[in-house]
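K.L.:
Quick one: this structure, given as C-alpha cells, is what I'll be asking you about.
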Amino acid sequence: MSKKKEVNCEELCPEWECTQPSEYSGIWVVGEIDETEETISEPSLQMLTPANYIASKLGVEVEGLLLGYDKELLEKAAHEMIYHGANRVRILTSNKLKPYIAEVYARIISQIVDKYKPEVVFFPATMKGRELAPYVANTLRAGITADCTQFDVDEKTGDVLMIRPPFAAILLAYIKTPTRRPQIGTARPNVFPKPPRDASRKGEILWEDEKEYKIPRPRTRLVRVEYMKREEIPIEKAEYIVSGGRGVGTLEGFKMLEELAELLGGVVAGSRKAVDLGLIPHDKQVGQTGKAVKAKLYIAVGISGAAQHVVGIRECRVVVAINKDPDAPIFKHADYGIVGDWREIVTELIKALRERTKKAS
Amino acid sequence: MKRPRIVVGIKWVPNTQAVRFDPKTGTLIREGVPSIVNPHDLDAIELALKTREKYGGEIIVVTMAPPGAEEGLRHVIGMGVDRAILVSDRVFAGSDTLATSYTLAKTIERIGRVDLVFFGQETIDSSTAHIPAQVASWLDLPYIYYVESIEKLELKENKVVVKRKLEDRYEWYEVELPVVIGVAMHSNPPRPISLTNKLRAVTEKPIEVWTNKQLGLDPRCIGLRGSPTIVSKVTWQPEIPRKRKIYQGNPKEAVKWLIKHLEEEKVLP
Ligand SMILES: Cc1cc2nc3c(=O)[nH]c(=O)nc-3n(C[C@H](O)[C@H](O)[C@H](O)COP(=O)(O)OP(=O)(O)OC[C@H]3O[C@@H](n4cnc5c(N)ncnc54)[C@H](O)[C@@H]3O)c2cc1C
Ligand SMILES: Cc1cc2nc3c(=O)[nH]c(=O)nc-3n(C[C@H](O)[C@H](O)[C@H](O)COP(=O)(O)OP(=O)(O)OC[C@H]3O[C@@H](n4cnc5c(N)ncnc54)[C@H](O)[C@@H]3O)c2cc1C
C-alpha cells in the first residue's frame, strides 16, 4: 500500500486537533454489555466479522474495548470477544460508570481512543450504540458512517470503504475518510453474522487504570426504569418469522399468521404498512426503519417487497413469499414463491404443518 | 416567570416514498419527486408545541438548507412555531454530519439563551441519527435519544425529566438544562394545521435568512472542507442472490411443493 500524503495542519479546521493518519493503527470494536442477559451483546460480537475482515486485509490486529462497572461480567464479555476473533480486549471499570449514561461513556471512550490511536473504530448500531457513537466521533472530530452493510479496503490508499444504503435503501453509498483518523463506522444488528465461536482461542486482556482518565460528572440521572412485559422472543432473535403486510389487511388475518408462527415455534412480524395500519406494533417492523432479522425461515405474506423492507431480511437463510401479484418485487427477493391468495395458501400451510407434526410424533 | 426557549432542528428532504426505481433503465425516477419536511421532525415540532402549551415560551425552528426549504419552514410556521431561521449559503454545501452539526451548533449559539434543543430522531434520506449527539458535543451539552415525552420541566431548578423508550424498557431521566433531545419516531403525531395558522404562515411570520456573513464561520470548518467523510461512489443496492423458484396454481399443490423444498433445505422445525 502506498504511503499517505501528510495532512497540512494549516488547512485543517482549527477546532480539530491536527494528527496524521500514519499515527494510527489497528481495528477496534467497542463492545456493549447486554444488561438483561448479563453478557456481551450479540450485535457487538457481530461487529467482529467486518473487523476481522478489514484487519486481515490491512494486516493488523483486532482489539475490543469494554467499559462498565461489573468487573467479573466485563471479563466474561472480554473472553467472548476473544473467542469470536478479537486478539485482545481492553477493559475500563469504575464505580463511576454506573449506571450507563451515553455522554459519560462517550467521553471516556474518546479519551481511550485518543490515547491508543486505532485507525478504525466500529460500534454496533443498536439503539444505545446509535446514541453513543456520534458523540465519540464528534469529540474526536472524526468522520463517522452510520448503518453500514459492507466494509472494504481501498487497496491503493488503505482507507476503509464504509458502504451504506441511504435514501431509503435504494442506493448504496461508498464513503471514506481519507485524511482523518480514526475512521468510525457502525452497522445495525443482524446485518453481519456472528463469527464462529472458538473457546480455545487465546487473547490478552488489558486493564485500563481509571485514574488515567477524566470521568466527567454526569449531567443526566436515571430516575426510573420500567421493563416491558415480554413473553415472546424479539423478532431480531427469532429463527422462524411469519411476516405480514398490507395484503393481509386485518387483525383477524394477523391472528392466522400467529397460528402459523406458533406451529413453527416462531414469531409474527410485519411491514411498515402493517404497522401504519395498526396491525402490528412498531418493534416488530422489519426493514430500514424497523429491524433487520436473521431467521432460518422468513415467510413474507402479502408484502410487496419494497427496498426498505427487503434490506431487513438480507441475513435470513431461506425466504418464502406469498403474494397474489406474480409481478410483486418480493418474488425476486425470495427463494420460494407462491402466487395466490394468502388466505388460501396459509390455510393449507397450517393444515400441512399440523399433519407433519402429527406424523412425527 | 422564566419561560422556556425551544429550538427545533428540521431538514428539508426529498420524499423518498415517492422515488421510484425503473427496472428497465436501472435508474431512479426522481422527476416530480417533491421535497417535504422530514416526517420524523414533525414529532419534534409537536412535542415542542405541547411543551409550549404547558410552560409557555418560544419555539424557534432552524434548518440549514438551500433556499427552497423556505416552503418547509412555512409549513411548520403553519403548525404554530414562533420563529424560523433558514441557514443558507453556498459555502455550506457538501457538509457531512460533522460540518452540518458544527454549523447548526454555531447557529444555536447565535440565537442566545436556549433551554431545550429538539431534533427528530433521524431523517428519511440519509438517516444517520448523528446530528443530535454531534450538536450536543459541539455545544458541550448533555443529550438524550428516543424521548417520547417531557414529564416535568423545572426551569428554576435548571432541570427536566424526560421519558424514553428502548427495545425492552421505558426509562425516566432527569437532565440538566440546556439539553439536546432526539424525539422518538412516531411518538408525537403532528396536529393538523388550522386555517388561521395557515393564513398566518403566509402573511405574517417572516423567515430570517442567515448566511455565513452573519455566522462568520471559518471556511475550513464548514461545507466540504469541514467534512472528514467523502461519498466516493454511489451505486444501486445489489440484491442478495435468492433461488427465485415460483409456483403458481392450486394452493394445496403449492404448499406440498413448498414443504418438499423446505425439507430439502432443512429449515423446518
Ligand atoms: C425512508 C423509508 C423507510 C421505510 N422503512 C420501511 C421499513 O422499515 N419496513 C417496511 O416494511 N417498509 C418501509 N418503508 C415503506 C416501504 O416503502 C413500503 O411502502 C412498505 O414496505 C410496503 O408495505 P407492504 O408490502 O405491506 O404493502 P404494499 O406495498 O401495499 O403491498 C401489499 C402486497 O400485498 C399483496 N396482496 C394484496 N392482497 C393479497 C392477497 N389477498 N393475497 C396475497 N397477496 C396480497 C399485493 O399484491 C401487494 O404486493 C419505508 C419507506 C421509506 C420511504
Ligand atoms: C448518500 C449520502 C450518504 C451520507 N452518509 C453520511 C454518513 O455516513 N456520515 C456523515 O457524516 N454524513 C453523511 N452524509 C451527509 C449527511 O446526510 C448530511 O450531513 C445531513 O445534512 C445530516 O445527516 P442526516 O440527514 O443523516 O441527519 P440525522 O442525523 O439522521 O437527523 C437527525 C435530526 O437532525 C436534523 N437535521 C439534519 N440535517 C439538518 C440540517 N441541515 N438542518 C437542520 N436540522 C438538520 C434532522 O432534521 C433530524 O431532526 C451522507 C449524505 C449522502 C447524500
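The values are calculated or read from the model by the stated rules, or taken from the named source; none is laboratory data. None of the values given here were measured: they were computed from a predicted structure. All Cβ positions, glycine included, derive from the backbone under ideal geometry; neighbour counts span all protein chains shown. These accessible areas exclude ligands, DNA and RNA; they are computed on the full protein's heavy atoms, side chains included. Shrake-Rupley method; radii C 1.70, N 1.55, O 1.52, S 1.80 Å.
K.L.:
Which one of these is among the small types (G, A, S) and surrounded by fewer than 14 Cβ atoms within 10 Å (Cβ to Cβ): A:A173, A:A199? Walk me through it before giving the result.
P.N.:
Numbers: A:A173 fails: surrounded by fewer than 14 Cβ atoms within 10 Å (Cβ to Cβ).
Among A:A173, A:A199, only A:A199 is among the small types (G, A, S) and surrounded by fewer than 14 Cβ atoms within 10 Å (Cβ to Cβ).
K.L.:
For A:V223, work out the one condition from (1) open to solvent by 40 Å² or more (accessible area, probe 1.4 Å); (2) under 20 Å from the mean Cα position of the chain (by Cα); (3) modelled with pLDDT of 95 or more; (4) not assigned by TED's automatic domain parsing to the domain that holds A:Y100 it doesn't fulfil.
P.N.:
Of (1) open to solvent by 40 Å² or more (accessible area, probe 1.4 Å); (2) under 20 Å from the mean Cα position of the chain (by Cα); (3) modelled with pLDDT of 95 or more; (4) not assigned by TED's automatic domain parsing to the domain that holds A:Y100, only one is false for A:V223: (2).
K.L.:
Which one is nearest to the chain's Cα centre (by Cα), of the residues in the stretch A:137-158 that are more than 9 Å from chain B (Cβ to nearest Cβ) and open to solvent by less than 20 Å² (accessible area, probe 1.4 Å)? Break it down into steps so the answer makes sense when it comes.
P.N.:
Just the residues of the stretch A:137-158 that are more than 9 Å from chain B (Cβ to nearest Cβ), to begin with: A:140, A:148, A:150-153, A:155-158.
If we keep only those that are open to solvent by less than 20 Å² (accessible area, probe 1.4 Å) too, we end up with A:148, A:151, A:153, A:158.
Numbers: A:C148: 9, A:F151: 13, A:V153: 20, A:G158: 24 Å.
Here the answer is A:C148.
K.L.:
Here's a follow-up. Considering only residues that are in a loop (DSSP other than H, G, I, E, B) and either closer than 14 Å to A:Y240 by Cβ or touching a residue at least 24 places away in the same chain (Cβ under 8 Å) (or both), which ones fall in the stretch A:282-297? So that I can check it myself, show each step before the final result.
P.N.:
Start the filter on the stretch A:282-297 by keeping residues that are in a loop (DSSP other than H, G, I, E, B), which leaves A:287-290, A:292-296.
Scanning the stretch A:282-297 gives A:G287, A:Q288, A:A292, A:V293, A:K294, A:A295, A:K296.
Table: residues versus (1) under 20 Å from A:V293 (Cα atoms); (2) among the hydrophobic types (A, V, I, L, M, F, W, C); (3) in a helix (DSSP H, G or I).
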site: A:F122; (1), (2), (3): no, yes, no
site: A:R130; (1), (2), (3): yes, no, yes
site: A:V136; (1), (2), (3): no, yes, yes
site: A:F151; (1), (2), (3): yes, yes, no
site: A:G158; (1), (2), (3): no, no, no
site: A:M162; (1), (2), (3): no, yes, no
site: A:F167; (1), (2), (3): no, yes, yes
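K.L.:
Another question about this same structure. Could you identify the single residue in A:L257, A:L279 that is touching a Gly at 6+ places or on another chain (Cβ under 8 Å) and assigned to a loop (DSSP other than H, G, I, E, B)? Steps first, please.
P.N.:
Details: A:L257 fails: assigned to a loop (DSSP other than H, G, I, E, B).
Just a single option satisfies the conditions, and that option is A:L279.
K.L.:
Then there's this: Would it be correct to say that A:G247 is within 30 Å of A:D283 (Cβ to Cβ), modelled with pLDDT of 95 or more and within 16 Å of ligand 1 (Cβ to nearest atom)? Step through it out loud before you land on a result.
P.N.:
Numbers: within 30 Å of A:D283 (Cβ to Cβ): yes; modelled with pLDDT of 95 or more: yes; within 16 Å of ligand 1 (Cβ to nearest atom): yes.
Against the criterion (within 30 Å of A:D283 (Cβ to Cβ), modelled with pLDDT of 95 or more and within 16 Å of ligand 1 (Cβ to nearest atom)), A:G247 qualifies.
K.L.:
Here is a follow-up. What tally of residues in the stretch A:288-297 results from selecting those that are open to solvent by less than 20 Å² (accessible area, probe 1.4 Å) and within 7 Å of ligand 1 (Cβ to nearest atom)?
P.N.:
Number satisfying all stated conditions: 1.
K.L.:
Does any residue of the stretch B:23-38 turn out to be within 15 Å of ligand 2 (Cβ to nearest atom), within 14 Å of chain A (Cβ to nearest Cβ), open to solvent by less than 20 Å² (accessible area, probe 1.4 Å) and in contact with a Ser or Thr (Cβ under 9 Å, 6 or more places away or on another chain)?
P.N.:
Taking every residue of the stretch B:23-38 in turn, at least one turns out to be within 15 Å of ligand 2 (Cβ to nearest atom), within 14 Å of chain A (Cβ to nearest Cβ), open to solvent by less than 20 Å² (accessible area, probe 1.4 Å) and in contact with a Ser or Thr (Cβ under 9 Å, 6 or more places away or on another chain).
K.L.:
Go through (1) of a type in the set (S, T, N, Q); (2) away from ligand 2 (no atom under 11 Å from the Cβ); (3) part of a helix (DSSP H, G or I); (4) touching a strand residue (DSSP E or B) at 6+ places or on another chain (Cβ under 6 Å) for B:S149 and report which single condition fails.
P.N.:
(3)
K.L.:
Quick one: in the stretch A:203-222, which of the residues that are of a type in the set (D, E, K, R) and more than 14 Å from chain B (Cβ to nearest Cβ) is farthest from B:W172 (Cα to Cα)? So that I can check it myself, show each step before the final result.
P.N.:
We begin by selecting, within the stretch A:203-222, every residue of a type in the set (D, E, K, R); these are A:204, A:208-212, A:214, A:217, A:219, A:221.
Restricting the remaining residues to those that are more than 14 Å from chain B (Cβ to nearest Cβ) gives A:204, A:208-212.
Details: A:E204: 38, A:E208: 31, A:D209: 31, A:E210: 28, A:K211: 30, A:E212: 31 Å.
Across the stretch A:203-222, the extreme among qualifying residues is A:E204.
K.L.:
Let me ask another. Quick one: which residue in A:A300, A:A307 is surrounded by fewer than 23 Cβ atoms within 10 Å (Cβ to Cβ), within 14 Å of chain B (Cβ to nearest Cβ) and in contact (Cβ under 8 Å) with a residue 40 or more places away in the chain?
P.N.:
A:A307
K.L.:
Select, from B:T196, B:T235, B:T203, B:T229, the only residue that is among the β-branched types (V, I, T) and touching a Leu at 6+ places or on another chain (Cβ under 6 Å).
P.N.:
Numbers: B:T196 fails: touching a Leu at 6+ places or on another chain (Cβ under 6 Å); B:T203 fails: touching a Leu at 6+ places or on another chain (Cβ under 6 Å); B:T229 fails: touching a Leu at 6+ places or on another chain (Cβ under 6 Å).
None of the others qualify; the one that does is B:T235.
K.L.:
Filter the stretch A:310-340 down to the residues that are of a type in the set (D, E) and facing chain B (nearest Cβ under 8 Å) and list them by number. Full working, then the answer.
P.N.:
Narrowing the stretch A:310-340 to residues of a type in the set (D, E): A:315, A:325, A:327, A:335.
Result: A:D335, single match.
K.L.:
Then there's this: Mind checking whether some residue in the stretch B:171-181 is under 30 Å from B:L73 (Cβ atoms) and open to solvent by 80 Å² or more (accessible area, probe 1.4 Å)?
P.N.:
Scanning the stretch B:171-181, I find no residue that is under 30 Å from B:L73 (Cβ atoms) and open to solvent by 80 Å² or more (accessible area, probe 1.4 Å), so the answer is no.
K.L.:
Report whether or not A:L74 is within 20 Å of A:V104 (Cβ to Cβ) and not charged (D, E, K, R). Give the steps one after another, and end with the answer.
P.N.:
Numbers: within 20 Å of A:V104 (Cβ to Cβ): yes; not charged (D, E, K, R): yes.
For A:L74, the condition - within 20 Å of A:V104 (Cβ to Cβ) and not charged (D, E, K, R) - is met.
K.L.:
Filter the stretch B:123-155 down to the residues that are of a type in the set (D, E, K, R) and at pLDDT 95 or above, then identify the one that is farthest from ligand 1 (Cβ to nearest atom).
P.N.:
Going residue by residue through the stretch B:123-155, those that are of a type in the set (D, E, K, R) are B:125, B:140, B:148, B:151-152, B:154.
In the following step, the residues that additionally are at pLDDT 95 or above were identified as B:140, B:148, B:151-152, B:154.
Numbers: B:D140: 32, B:E148: 19, B:E151: 29, B:K152: 33, B:E154: 37 Å.
Filtering the stretch B:123-155 for residues that are of a type in the set (D, E, K, R) and at pLDDT 95 or above, the one farthest from ligand 1 (Cβ to nearest atom) comes out as B:E154.
K.L.:
Give me a count of the residues in the stretch A:202-215 that are open to solvent by 80 Å² or more (accessible area, probe 1.4 Å) and within 27 Å of the chain's Cα centre (by Cα). Lay out the reasoning, then the answer.
P.N.:
So the first thing to find is which residues in the stretch A:202-215 are open to solvent by 80 Å² or more (accessible area, probe 1.4 Å), and the list is A:202, A:204, A:207, A:211-212, A:214.
Add one more test, that the residue is within 27 Å of the chain's Cα centre (by Cα), and what stays is A:202, A:204, A:207.
Qualifying residue count, the stretch A:202-215: 3.
K.L.:
Test B:T211 against the criterion of being surrounded by fewer than 15 Cβ atoms within 10 Å (Cβ to Cβ), at pLDDT 95 or above and away from chain A (no Cβ under 11 Å), and give yes or no. Full working, then the answer.
P.N.:
On the way: surrounded by fewer than 15 Cβ atoms within 10 Å (Cβ to Cβ): yes; at pLDDT 95 or above: yes; away from chain A (no Cβ under 11 Å): yes.
Criteria met by B:T211.
K.L.:
Would you check which residues across the stretch A:133-149 are touching a residue at least 40 places away in the same chain (Cβ under 8 Å) and either among the polar types (S, T, N, Q) or more than 12 Å from A:I184 (Cα to Cα) (or both) and list them?
P.N.:
To start, the set of residues in the stretch A:133-149 that are touching a residue at least 40 places away in the same chain (Cβ under 8 Å) comprises A:133, A:136-137, A:140-149.
Once the filter is applied, which keeps residues that are touching a residue at least 40 places away in the same chain (Cβ under 8 Å) and either among the polar types (S, T, N, Q) or more than 12 Å from A:I184 (Cα to Cα) (or both), the stretch A:133-149 yields A:T145, A:T149.
K.L.:
Could you tell me whether any residue of the stretch B:154-169 is acidic (D, E), within 7 Å of another protein chain (Cβ to nearest Cβ) and over 17 Å from B:V8 (Cβ atoms)? Before you say what the answer is, go through the steps one by one.
P.N.:
Residues of the stretch B:154-169 that are acidic (D, E), as a first pass: B:154, B:157, B:167-168.
Filter once more, so that each one left must be within 7 Å of another protein chain (Cβ to nearest Cβ): B:167-168.
Narrowing the set further to residues that are over 17 Å from B:V8 (Cβ atoms) leaves B:167-168.
Looking through the stretch B:154-169, at least one residue is acidic (D, E), within 7 Å of another protein chain (Cβ to nearest Cβ) and over 17 Å from B:V8 (Cβ atoms).
K.L.:
Where in the stretch A:14-117 are there helices (runs of 4 or more DSSP H), lying wholly inside it, with at least 3 residues that are surrounded by fewer than 19 Cβ atoms within 10 Å (Cβ to Cβ) and assigned by TED's automatic domain parsing to the domain that holds A:S200? Step through it out loud before you land on a result.
P.N.:
Working: elements: A:42-46, A:48-58, A:71-83, A:102-116.
It comes to A:48-58, A:71-83, A:102-116.
K.L.:
Here's a follow-up. When residues of the stretch B:49-99 are filtered for being assigned to a strand (DSSP E or B), open to solvent by 10 Å² or more (accessible area, probe 1.4 Å) and either without any contact (Cβ under 8 Å) to a residue 40 or more places away in the chain or away from ligand 2 (no atom under 13 Å from the Cβ) (or both), how many remain?
P.N.:
First, the residues of the stretch B:49-99 that are assigned to a strand (DSSP E or B): B:58-64, B:83-87.
If we keep only those that are open to solvent by 10 Å² or more (accessible area, probe 1.4 Å) too, we end up with B:58, B:64, B:83.
Applying the additional criterion that residues be either without any contact (Cβ under 8 Å) to a residue 40 or more places away in the chain or away from ligand 2 (no atom under 13 Å from the Cβ) (or both) yields B:58, B:83.
The total comes to 2.
K.L.:
Report every pair of residues separated by at least 6 positions or lying on different chains whose Cβ atoms are under 6 Å apart, first residue within the stretch B:1-14 and more than 17 Å from B:S101 (Cα to Cα) and within 10 Å of ligand 2 (Cβ to nearest atom), second at pLDDT 95 or above and among the hydrophobic types (A, V, I, L, M, F, W, C).
P.N.:
Nothing qualifies.
K.L.:
Let me ask you something else. Restricting to the stretch B:190-236, count the residues that are touching a residue at least 12 places away in the same chain (Cβ under 8 Å), farther than 30 Å from A:M162 by Cβ and of a type in the set (A, V, I, L, M).
P.N.:
The total comes to 5.
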